[in-house]
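The values are calculated or read from the model by the stated rules, or taken from the named source; none is laboratory data. The shown structure was predicted, so the numbers you read here are calculated from the model rather than taken from an experiment. Please note: Cβ atoms are built from the backbone with ideal geometry, for glycine as well, and neighbour counts cover all protein chains shown. We work out accessible area using only protein heavy atoms, side chains counted, and drop any ligands, DNA or RNA first. Shrake-Rupley method; radii C 1.70, N 1.55, O 1.52, S 1.80 Å.
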Amino acid sequence: MTTRYLSLLSDAMRHHVRSITCDEKADFQRLCAEFRPDIVHQHGAAPFSLPSTVRRVVSPNGSTAVATDGMGYYAIVARSKIEAQRLQLPRTEVILNPLITKTTTFDETAEKMVRVYKRVMDSNPLPLMDEDTRRLLAAVLKVGILGDQRWLTTPLALDVQYAPAALRLIQIYSEFEGVSAIADEGLRILGISAPRREAVDCYLPEGFTPPTSMRGRTVVDMLNDVSQNGLSLLRLTDLSRALHDEHLNESELLLQLEQNNLTPLFKSIIQLLSEQLLLDEGFMPCAPADNRQTQNLRTLLTNHLRI
């Protein structure tokens, strides 16, 4: 029944996604290598590994092992409300199976399934960005903060047509990191035509809280806040603005940092500012440091939207 269901569902989804089904481990490994899927939709709960770039959706089909086997997933697709209530797992969607109920059709099921897949692909966008997209993101944010593309010491190839998919990732990421206004301004200044912003429907980590700004505070106060409440991309943009302030007295700042035992944290943040927002050496009051503390902060930034 599962084989028949998947065959009919794949046919109903053919205008929306390209899908391949298999039920042998050897075939699965071969298809993953050849097809390089964005999503693997697993039916049942047999454990298997996936490349880090592939996102897993699971239909337990009556199994309870999915709740305890420790494998990561982006969404659970339950075949009934009763199954969803029994599983009690985050990010569970109920999509009825037309083979076992007359209350839905394969076209309706396909539409709902594609909607889940889209939510999965719009979630946690940072790992989906290639190096070029990440460089573009950093440049867009820097220009958006400073208001002039001449701040870019390594100019972008603005005659290149950037892929809508890459720009969409930047839009989604900037929205949930609280820097969408900065990103939009940067794109406008650079003359890059981005897709029209649409409401984002995606999965967020449990307990997700939108980042908060620290603008209007001194650098020392910002760093004290970071040491207590953590770092975010939005807070990095606040610190970047402060370091570009023409009234900043760097010698006085370094003295205050030393007196407040904030110098090590500041050096780590300078390193992250150079990576995330292309901070130039001319605006670094001290040399950056790439150490364990820096890596911990980098991990916080990387995992902020991780499912």
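Evaluated with a Cβ-only charge set (Lys, Arg +1; Asp, Glu -1), the stretch 109-154 carries a dipole of roughly 160 debye about its Cα centre, given to the nearest 20.
For Pro211, the shell of other residues with beta-carbons less than 14 Å away shows a net charge of -2, using +1 for Lys and Arg and -1 for Asp and Glu. Over the residues of the chain, the helix contribution to mean residue ellipticity at 222 nm works out to -14500 deg cm²/dmol, using -39500 (n - 2.57) for each DSSP H run of at least 4. Add +1 for every Lys or Arg and -1 for every Asp or Glu among the other residues with Cβ under 14 Å from the Cβ of Thr294, and state the total. Its environment carries a net charge of +1. Taking max minus min of the alpha-carbon positions on each principal axis, the chain gives extents of 73, 44, 35 Å, largest first. Taking GluC sites (Glu not before Pro) across the stretch 226-273, the ones in a DSSP loop with at most 16 further Cβ atoms lying within 10 angstrom of their Cβ are Glu246.
Provide the per residue accessible area, probe 1.4 Å, for the chain, rounded to a whole number of square angstrom.
Accessible surface, normalised per residue, equals 55 Å².
Which shape class applies to the stretch 148-307: rounded if a/c is under 1.5, otherwise prolate when a/b exceeds b/c and oblate if not, where a ≥ b ≥ c are the square roots of the Cα gyration tensor eigenvalues? Oblate, since a/c reaches 1.5 and b/c is not below a/b.
The angle between the Cα long axis of helix 25-35 and the longest principal axis of the Cα atoms of the chain comes to about 50 degrees, rounded to the nearest 10. Return the long-range amide H neighbours of Thr92 (sequence gap of 5 or more, or a different chain), with a cut-off of under 5 Å between placed amide H atoms. The answer is Ile76.
For the pair the stretch 5-78 and the stretch 108-123, the centres of their Cα atoms are 14 angstrom apart.
Going Cα to Cα from Lys118, which lysines come in below 30 Å? Please leave out same-chain ones fewer than 8 positions away. Straight-distance partners of Lys118: Lys25, Lys81, Lys102, Lys142.
Of the GluC sites (Glu not before Pro) found in the stretch 150-232, those that fall in a DSSP loop while having at most 10 other beta-carbon atoms within 10 Å are Glu198, Glu206.
Under the rule a/c < 1.5 gives rounded, and otherwise a/b versus b/c splits prolate from oblate, where does the stretch 148-192 land using the Cα gyration tensor? Because a/c hits 1.5 or more and a/b fails to exceed b/c, the stretch 148-192 counts as oblate. What the phi angles of the stretch 72-85 give under the Karplus curve with 6.51, -1.76 and 1.60, with θ = phi - 60°, is a coupling list of x, 8, 9, 8, 10, 10, 8, 8, 7, 5, 5, 5, 4, 5 Hz, glycine and proline written as x.
Against the main long axis of the alpha-carbon atoms of the chain, helix 250-259 sits at an angle near 70°. Counting only protein heavy atoms and using a 1.4 Å probe, the accessible area of Ile100 comes to about 90 Å². Surface composition of the chain: carbon plus sulfur atoms hold 48% of the accessible area, using a 1.4 angstrom probe and ignoring ligands, DNA and RNA.
Is the C-alpha gyration tensor of the stretch 36-160 telling us rounded, prolate or oblate? Criteria: a/c under 1.5 is rounded; beyond that, a/b larger than b/c is prolate, otherwise oblate. Because a/c hits 1.5 or more and a/b exceeds b/c, the stretch 36-160 counts as prolate. Helix 180-190 axis versus longest C-alpha principal axis of the chain: approximately 70°, rounded to the nearest ten.
Rounded to whole numbers, the Karplus 3J(HN,Hα) couplings from phi for the stretch 204-213 are 10, x, 4, x, 4, 10, x, x, 10, 8 Hz, using 6.51 cos²θ - 1.76 cosθ + 1.60 with θ = phi - 60°, and x at Gly and Pro. Neighbours of Leu50, meaning other residues whose beta-carbon lies under 12 angstrom from its beta-carbon, give a summed charge of +2 when Lys and Arg score +1 and Asp and Glu score -1. When you restrict to C-alpha pairs under 8 Å that are six or more residues apart and normalise by the size of the chain, the relative contact order lands at 14 percent.
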